[in-house]
Amino acid sequence: MKSNNKYLSIALIISIIAALVIEVILFTIIISSDIMVIFMYPYVLLMILLLIMGIISNYAYLKSTNHAKWFLKNITPTSLILAGLGIIIGYMGNFIGALLIFIAYIFEILTGMKLKDDLREISREWSLVFITGVSIFVLSMPLLLYGTYLALIPMIGDAIKTVGIYFLYKKLE
């Protein structure tokens, strides 16, 4: 396995784990009927874990991609900072924290579009599944403002994204 494939494998594994954590968080929002539950203990620890995984996977993707490099260097760090601020502000009980996290996820589409170009070199089909899932996930997140039961839609998008990532990872082996 080439060095950049090693980093890409690490990034994909972390992305799969993060997606599973996201599923737990979204399910928690549905059963609690409260977006702000993500800032309460123990769920805030999951949010912090996602942030840490985001930093590590960003580094691994940066070491293994060509098309997405600029976005990973410039856009994703801004997104991670916004998410970190969102966690802090949300933990203090302010809804603006949740809005900052929504905004941070918008950057995922931008980076994901360029990342898709790199992942297409592994599999055109699974890279399209990946970006379709990312798009559904991110674009449906604001629906949570209309009803927490609508978290089911980003859950579906996240699941689609995860299937794409899993099969891209399998193609690397």
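Read the figures in this text as sums done on the coordinates, not as results from a lab. This one's a predicted model, so the numbers in the text were calculated from it and none came from an experiment. Here Cβ is always computed from backbone atoms with ideal geometry, including for glycine, and neighbour counts include all displayed protein chains.
For the pair segment 13-37 and segment 90-123, the centres of their Cα atoms are 15 angstrom apart. Residues within the reach of a label modelled at M53 (point 7 angstrom out along Cα to beta-carbon, backbone nitrogen below 19 Å), restricted to segment 150-172, are 151-170. Around D117, under 13 Å between beta carbons, what's the net of Lys plus Arg minus Asp minus Glu among the other residues? Summing Lys and Arg as +1 and Asp and Glu as -1 gives +3. For N66 and V24, a Förster radius of 22 Å and the Cβ-Cβ distance give a FRET efficiency of 0.10, rounded to the nearest 0.05.
For the chain, hydrophobic long helices are taken as DSSP H runs at least 15 Å long by C-alpha position along their axis with mean Kyte-Doolittle hydropathy of 1.6 or more; these are 3-32, 43-64.
Give the residue list of GluC sites (Glu not before Pro) in segment 76-171 that are DSSP loop and have at most 15 other beta-carbon atoms within 10 angstrom. In loop regions of segment 76-171 (DSSP not H, G, I, E or B), the sparsely surrounded GluC sites (Glu not before Pro) are E121.
With Rg and Dmax of the Cα atoms in Å in mind, check [x] 15.4, 47; [y] 42.4, 131; [z] 19.0, 65 and report the label derived from this structure. It is the one labelled [x].
When the chymotrypsin sites (Phe, Trp or Tyr not before Pro) in segment 1-106 are filtered for DSSP coil states and for at most 14 other beta-carbon atoms within 10 Å of their beta-carbon, the remaining sites are F95. For S33 and D117, the difference between the fully extended length at 0.36 nm per residue and the C-alpha to C-alpha distance is 26.5 nm.
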